[in-house]
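Asker: To start, I am sharing the structure in question, which I have written as structure tokens.
The values are calculated or read from the model by the stated rules, or taken from the named source; none is laboratory data. Predicted, not measured: the structure shown is a model, and the values here were computed from it. Methodologically, a virtual Cβ is constructed for each residue, glycine included, from the backbone with ideal geometry; neighbour enumeration extends over all protein chains shown. Side chains included, ligands, DNA and RNA excluded: accessible areas come from the protein's heavy atoms. Shrake-Rupley method; radii C 1.70, N 1.55, O 1.52, S 1.80 Å.
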Amino acid sequence: MNEISDSVTRISSLVGAAKQYSQLDRAPYQVVDVRDLLDSTLTMLAAKLGDGITVVKDYDPGLPRIPAYPSELNQVWTNLIDNACAAMDGHGTLTIRTAMDGDRLLVEFADTGPGIPDDIKPRIFEPFFTTKPVGQGTGLGLDISWRIVVNRHHGDLRAESVPGNTRLQVRLPLTPPEEGR
Ligand SMILES: Nc1ncnc2c1ncn2[C@@H]1O[C@H](COP(=O)(O)OP(=O)(O)OP(=O)(O)O)[C@@H](O)[C@H]1O
Ligand SMILES: [Mg+2]
């Protein structure tokens, strides 16, 4: 009976995460807690993360909710986590941090992979730029993420990288853009 009860709990939390991740029955634009979005994305990507990648969550407990397009933000987290996993080749630590940074909300994905070489750093946000072998990457992950963060949310997307510590940082405004801006 306990085993059944455990697996029912696991299944219903997976269904809950899938609903949160897909946002299918939710309003496209709403006030959200980004920590919930991150958690549902992590649940959906658990298989990809495997046993070799340790996930560390460093969430600010006092983080405010923000107006956003949640399913689009989930795509951003998915792309950034996918890149971090690929860079670490299945082994390393992924640290996801949320914090306030001035008047913006910061979401940071740090990986312990080899880093982004200086000569390609200026190009990583270009559409179709990829260093992955043919058939593995389309080079669209960061381009799409840029459009979602910068164009849709009026936020900012940045990469800071040295070998062993690569941080992709998303900054989002706390309030909706003003009319006519
Ligand atoms: N965390 C990271 N560490 C090292 N390099 C990275 C990291 N994230 C991105 N890059 C570099 O930036 C390039 C572009 O990333 P982007 O997500 O746009 O495309 P991709 O991952 O190659 O392909 P796709 O996302 O379409 O599957 C990558 O090919 C890689 O060279
Ligand atoms: Mg990618």
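Asker: Have a look at Ala99, Ala68, Ala27 and tell me which one the Gaussian network model of the chain (Cα, springs below 10 Å) gives the largest fluctuation.
Answerer: Looking only at Ala99, Ala68, Ala27, the biggest GNM fluctuation is shown by Ala27.
Asker: How long is the gain from Ser12 to Asn165 if the chain were fully straight, where each residue apart is worth 0.36 nm and the alpha carbon distance is subtracted? Write out the running numbers ahead of the final one.
Answerer: Details: separation 153, 0.36 × 153 = 55.08 nm, distance 3.57 nm.
Gain on extension, Ser12 to Asn165, equals 51.5 nm.
Asker: So, one more: How are the Cα pair distances of segment 93-139 distributed, in percent, across 5 Å bins from 0?
Answerer: Per 5 Å bin, starting at 0, the Cα pair percentages come out as 5, 16, 15, 19, 22, 15, 6, 2, 0.
Asker: Accessible area per residue for segment 123-181 in Å², computed with a 1.4 Å probe and the full protein assembly in place, what is it?
Answerer: Working: 3640 Å² over 59 residues.
Accessible surface, normalised per residue, equals 62 Å².
Asker: Report the extension gain between Asn151 and Asp118 in nm, rounded to one decimal, defined as 0.36 nm multiplied by the number of residues separating them, less their alpha carbon distance. The partial results should precede the final answer.
Answerer: Details: separation 33, 0.36 × 33 = 11.88 nm, distance 2.55 nm.
Extending this stretch completely gives an extra 9.3 nm.
Asker: At a 10 angstrom cut-off on C-beta neighbours, averaged per residue, how do the peptides 129-135, 13-19, 144-150, 102-108 rank from highest to lowest?
Answerer: Details: 129-135: 11.1, 13-19: 13.1, 144-150: 19.1, 102-108: 16.7.
Ranked from most to least packed, the peptides come out as 144-150, 102-108, 13-19, 129-135.
Asker: Count of lysine pairs in the chain with Cα atoms under 24 Å apart, counting only pairs 8 or more residues apart in sequence or on different chains? Before the final figure, lay out the partial values.
Answerer: Numbers: Lys19/Lys48; Lys19/Lys57; Lys48/Lys57; Lys48/Lys132; Lys121/Lys132.
Close lysine pairs found across the chain: 5.
Asker: Convert 25 °C to kelvin, take the viscosity as 0.890 mPa s, use the Kirkwood radius over C-alpha pairs of segment 1-140 as Rh, and evaluate the Stokes-Einstein diffusion coefficient in µm²/s, rounded to a whole number.
Answerer: Working: Rh = 16.8 Å.
It diffuses with D of about 146 µm²/s by this estimate.
Asker: Once label points are set 7 Å from the Cα along Cα→Cβ at both Ala27 and Lys57, what is their separation, rounded to one decimal in nm?
Answerer: Output for this residue pair reads 2.5 nm.
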